[in-house]
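Contents: one structure, followed by commentary.
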Amino acid sequence: MQAVRAAVRAALAEDLGGLGDLSAALVPSAKTASLAIVARQAGVIAGELCAKEAFGLLDDGLKVLWHLPDGSSVAAGGLVAEVAGTLRSILTAERTVLNFLGRLSGVATLTRRYVDAVGSVNQTTRVLDTRKTTPGLRALEKAAVRAGGGHNHRFGLFDAVLIKDNHLAGLGIADAVERARAMWPGRAVEIECDRIEQVEEACRAAASAVLLDNMSVEQAAACVELVGGLRPDGSTLVEVSGGVTVQSAPRYAAVGVDLISVGALTHSAPALDLGLDLGLDLTTGHGPGPG
């Protein structure tokens with residue numbers, strides 16, 4: 001909740017500047033209304049906490065009725081939420097609310113597409129995000145990935161060890177795993193590999209996972225077979241990453257990889273189109289609102 005509050009406060013401050021909402025100030029202060037958040041296209045909802053926080057920070061007298069919690073599917077034209085109260089406050093919060101909802105629902109929607117595609121061929125393969133997130137919004141975007149049915153990779157540089165090619169320029173794989181185990185006992189240690197020889201070395205060093213970087217499906221299949229032979233207890237996971245699409249993800253899942261990480265979930269998800277419409281009754285969802 002702390003991340004939500006900080007992000008929403010920053011967004012409102014950015015929008016209001018030093019003078020506030022010049023346009024909404026033209027609306028009579030006593031004017032009240034009921035407005036509905038409606039999906040313009042089908043998708044998966046995420047960002048409820050951000051929307052409620054924005055409305056609440058601007059006016060704790062606003063009444064918000066939420067219909068579709070995070071992770072819910074919505075059809076085009078579907079009613080997501082309703083808000084009633086002072087029209088000025090609702091109008092001022094509108095863009096911040098829709099920006100958060102659109103962005104986070106877009107992440108959840110794209111994630112669900114990947115999860116469904118992968119699950120159609122392998123129920124055990126998990127879809128993960130990456131650290132390719134919007135600066136300052138990582139916690140929110142990773143929550144949106146979970147809302148879409150995906151899983152989170154490491155949150156930052158502090159919660160797991162991932163040895164990439166640039167790290168390996170200064171040390172070998174076996175040495176890297178040994179040093180990581182000594183310095184950070186209990187942390188997962190993953191090795192990025194672009195050749196099957198590196199996969200074998202990482203397995204023999206008892207790495208927690210191997211990250212197959214930009215490998216083809218055929219190469220991934222060979223690596224899955226190799227890891228299964230060297231680590232039959234499943235203690236070394238096989239992850240693929242690098243340009244994996246909704247179309248190619250099921251092919252990787254079919255050869256038995258454990259994890260598929262997709263940076264596009266957060267760096268390239270299109271926003272879900274939602275709008276704030278006037279005229280729905282807060283309690284029934286029909287007819288004109290108050291005032």
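The values are calculated or read from the model by the stated rules, or taken from the named source; none is laboratory data. All values derive from a computational prediction rather than experimental measurement. Don't worry about glycine lacking a Cβ; one is built from the backbone with ideal geometry, like all the others, and counts go over all protein chains shown. Remember, those area values only see protein heavy atoms, side chains included, never the ligands or the DNA or RNA. Shrake-Rupley method; radii C 1.70, N 1.55, O 1.52, S 1.80 Å.
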Accessible area in square angstrom per residue, segment 31-184, 1.4 angstrom probe: 44 Å²
Once both labels are modelled 7 Å past Cα along the beta-carbon direction, what's the Glu178-Ala13 spacing in nm? 4.9 nm
Any idea what angle helix 138-147 forms with the longest principal axis of the chain, computed on alpha-carbon atoms, 0 to 90 degrees, nearest 10? 90 degrees
What is the set of long-range amide H partners of Ala42 at a cut-off below 5 Å, with H atoms built 1.01 Å from backbone N? Ala76
Would you mind working out the magnitude of the charge dipole of segment 179-249 relative to its Cα centre, with +1 at each Lys and Arg C-beta and -1 at each Asp and Glu C-beta, to the nearest 20 Debye? 360 debye
Taking the simple approach of a point 7 Å from Cα along Cα-to-Cβ for both Thr134 and Asp194, what is their distance in nm? 3.1 nm
If you look for lysine pairs in the chain that are eight or more places apart or on different chains, how many of them have Cα atoms under 25 Å apart? 7
For segment 101-250, place one equal point scatterer on every Cα, skip the solvent, and apply the Debye formula. What is log10 of I(q)/I(0) at q = 0.17 Å⁻¹? -1.05
For Trp184, the accessible surface traced by a 1.4 Å probe with all protein chains present amounts, in square angstrom to the nearest 10, to 140 Å²
Charge dipole of segment 54-202 built from unit charges on the beta carbon (Lys, Arg +1; Asp, Glu -1), centred at mean Cα; most positive-end Cα among Leu57, Thr111, Leu137 is Leu57
Of the residues Ala39, Gly150, Ala84, the Cα lying farthest along the dipole of the chain towards its positive end, which is defined by charges on the beta carbon of Lys, Arg, Asp and Glu, belongs to Ala84
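Sum up the charges of everything whose Cβ sits under 9 Å from the Cβ of Thr92, counting Lys and Arg as +1 and Asp and Glu as -1, but leave Thr92 out.
It works out to a net charge of -2.
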Considering the chain as a Gaussian network with a 10 Å cut-off on Cα pairs, which listed residue, Ala269, Ala147, Ala76, attains the greatest mean-square fluctuation? Ala76
Using the basic label-point model (7 angstrom from Cα toward the beta carbon), what is the Arg5 to Leu278 distance in nanometres? 3.4 nm
Mind computing the radius of gyration and Dmax over the alpha-carbon atoms of segment 1-74? Å is fine for both. 14.3, 38
Determine the gain in length on full extension of the stretch Asp159-Arg40; use 0.36 nm per residue of separation and subtract their C-alpha separation, reporting nm with one decimal. 39.0 nm
Order of exposure, largest accessible area first, which applies to Arg204, Arg88, Arg138 with probe 1.4 Å: Arg204, Arg88, Arg138
To the nearest 10 Å², what's Ser72's accessible area with a 1.4 Å probe? 30 Å²
Pick from Arg181, Arg113, Arg126 the residue whose mean-square fluctuation is largest in a GNM of the chain, springs joining Cα atoms under 10 Å. Arg181
Which of these values of Rg and Dmax of the Cα atoms in Å was calculated from the structure shown: (1) 23.2, 73; (2) 19.2, 55; (3) 20.1, 64? (1)
Ordering Arg251, Arg112 by accessible area with a probe of 1.4 Å, largest first, what comes out? Arg251, Arg112
Given a Förster distance of 51 Å, report the FRET efficiency between Val217 and Ser29 from their Cβ-Cβ distance, rounded to the nearest 0.05. 0.25
Sort Ser241, Ser34 by accessible area with a 1.4 Å probe, largest first. Ser241, Ser34
Of all accessible surface on the chain at a 1.4 Å probe, what whole percent is carbon and sulfur? 54 percent
Candidates Ala271, Ala24, Ala202; GNM for the chain (alpha-carbon contacts under 10 Å) flags as most fluctuating Ala24
By DSSP, what percent of the beta bridges with both residues in the chain are antiparallel, rounded to the nearest 5? 50 percent
